[in-house]
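Undergrad: Sharing a structure, written as structure tokens. Questions coming.
The values are calculated or read from the model by the stated rules, or taken from the named source; none is laboratory data. Keep in mind it's a predicted model, so treat the numbers as computed, not measured. A quick note on method: Cβ atoms are made from the backbone with ideal geometry, for glycine too, and the neighbour counts reach across all protein chains shown.
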Amino acid sequence: MENKSRRGFMGMAFGAVAGVGAVASLFAMKKSWDPLPSVKAAGFTTLDMSAYNDNELITEKWRGKPIFVLKQDVSMVETAKKSIQELERLIKIGDSYYMVAIGLCTHLGCIPGYRESTKDFLCACHGGMYDATASVTKAPPPRGLDIPPFKIKGSTLVLGEEGPEYKKMKKTGVTL
């Protein structure tokens, strides 16, 4: 009789140790799957849009990607108004319009250069061109520069968060 109770106790002790080990293993696995705090912090970038000047391209960084920010001057906005699709690519904050796009060519991922004098972008890799709203004007790029998810909060733009303006752009096919 004593042998059975000892065996039962050993079985329960082994089961308890195995259960604690399993819970600890699951906890460690979940912790390893969670993003690091530095990665979580890199998910959002806040831009003060009042700091930008007309027709001056500024390259910001979001999630390791270059983000082009180009405040449109009056002539650029007038040109964009001639094409509804180009105007829809611009972000309006206050009375100003901004082109905000991921600065990677949609053809092969090169970084296009901005030409201030002609107010357009040239991708030197294969000759693709984009206008000031980041719409394709010369192939081979299959579409305009992609617009990152954004949310407007007053005069700031929060990259990485989907606001109603961005959702509308996605719904109408302006961006992916």
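Undergrad: Tell me, which residue of segment 136-176 that is aliphatic (A, V, I, L, M) and in contact (Cβ under 8 Å) with a residue 40 or more places away in the chain is nearest to CYS125 (Cα to Cα)? Break it down stepwise before answering.
TA: Going residue by residue through segment 136-176, those that are aliphatic (A, V, I, L, M) are 136, 139, 145, 147, 152, 157-159, 169, 174, 176.
Filter once more, so that each one left must be in contact (Cβ under 8 Å) with a residue 40 or more places away in the chain: 145, 147, 152, 157-159, 169, 174.
Working: LEU145: 15, ILE147: 21, ILE152: 34, LEU157: 31, VAL158: 31, LEU159: 28, MET169: 28, VAL174: 24 Å.
Taking the candidates together, the pick is LEU145.
Undergrad: Further, regarding this structure: Quick test for you: out of GLU165, GLU161, pick the one residue that is out of contact with any Asp or Glu (no Cβ under 8 Å at 6 or more places or on another chain), among the acidic types (Asp, Glu) and at pLDDT 95 or above.
TA: Working: GLU161 fails: at pLDDT 95 or above.
When all the criteria are applied, what remains is GLU165.
Undergrad: Quick one: would you say LYS151 is at positive phi and either surrounded by 14 or more Cβ atoms within 10 Å (Cβ to Cβ) or hydroxyl-bearing (Ser, Thr, Tyr) (or both)? Spell out the reasoning first.
TA: Numbers: at positive phi: no; either surrounded by 14 or more Cβ atoms within 10 Å (Cβ to Cβ) or hydroxyl-bearing (Ser, Thr, Tyr) (or both): yes.
Answer is no for this residue.
Undergrad: At least 1 residues that are under 26 Å from ALA51 (Cβ atoms) and touching a Pro at 6+ places or on another chain (Cβ under 7 Å) in each: list the strands (runs of 3 or more DSSP E) lying fully within segment 71-176 that qualify. Before you say what the answer is, go through the steps one by one.
TA: On the way: elements: 91-93, 96-102, 113-115, 120-123, 128-130, 136-138, 150-153, 156-159.
By residue number, 96-102, 120-123, 128-130, 156-159.
Undergrad: Taking TYR52 and the conditions (1) within 22 Å of ARG143 (Cα to Cα); (2) at pLDDT 95 or above, which numbered condition does it fall short on, given that it satisfies the others?
TA: Status for TYR52: all satisfied but (1).
Undergrad: Looking at the structure I just gave you, is CYS105 in contact with a Leu (Cβ under 9 Å, 6 or more places away or on another chain), assigned by TED's automatic domain parsing to the domain that holds THR45, modelled with pLDDT under 95 and not polar (S, T, N, Q)?
TA: Details: in contact with a Leu (Cβ under 9 Å, 6 or more places away or on another chain): yes; assigned by TED's automatic domain parsing to the domain that holds THR45: yes; modelled with pLDDT under 95: no; not polar (S, T, N, Q): yes.
In short, no.
Undergrad: When you go through (1) closer than 17 Å to PHE44 by Cα; (2) out of contact with any Lys or Arg (no Cβ under 8 Å at 6 or more places or on another chain) one by one for GLY163, which number turns out not to apply?
TA: In the conditions (1) closer than 17 Å to PHE44 by Cα; (2) out of contact with any Lys or Arg (no Cβ under 8 Å at 6 or more places or on another chain), GLY163 misses (2) alone.
Undergrad: Out of the residues in segment 83-109 that are within 19 Å of LYS168 (Cβ to Cβ) and of a type in the set (D, E, K, R), which is nearest to the chain's Cα centre (by Cα)?
TA: From segment 83-109, those within 19 Å of LYS168 (Cβ to Cβ) are 83-94, 96-102; that's our starting set.
Then keep just the ones that are of a type in the set (D, E, K, R); that gives 86, 88-89, 92.
Values: GLU86: 20, GLU88: 18, ARG89: 15, LYS92: 18 Å.
By that ranking, first place goes to ARG89.
Undergrad: Of all residues in segment 79-92, how many are surrounded by fewer than 18 Cβ atoms within 10 Å (Cβ to Cβ) and under 22 Å from SER155 (Cα atoms)?
TA: So the first thing to find is which residues in segment 79-92 are surrounded by fewer than 18 Cβ atoms within 10 Å (Cβ to Cβ), and the list is 79, 81-85, 87-88, 92.
Pick out the ones that are also under 22 Å from SER155 (Cα atoms) and you get 87-88, 92.
Counting residues in segment 79-92 that are surrounded by fewer than 18 Cβ atoms within 10 Å (Cβ to Cβ) and under 22 Å from SER155 (Cα atoms) gives 3.
Undergrad: Given ASP54, ASP146, ASP131, which one is closer than 25 Å to THR172 by Cα, surrounded by fewer than 21 Cβ atoms within 10 Å (Cβ to Cβ) and of a type in the set (Asp, Glu)?
TA: Details: ASP54 fails: closer than 25 Å to THR172 by Cα; ASP131 fails: surrounded by fewer than 21 Cβ atoms within 10 Å (Cβ to Cβ).
The conditions single out ASP146.
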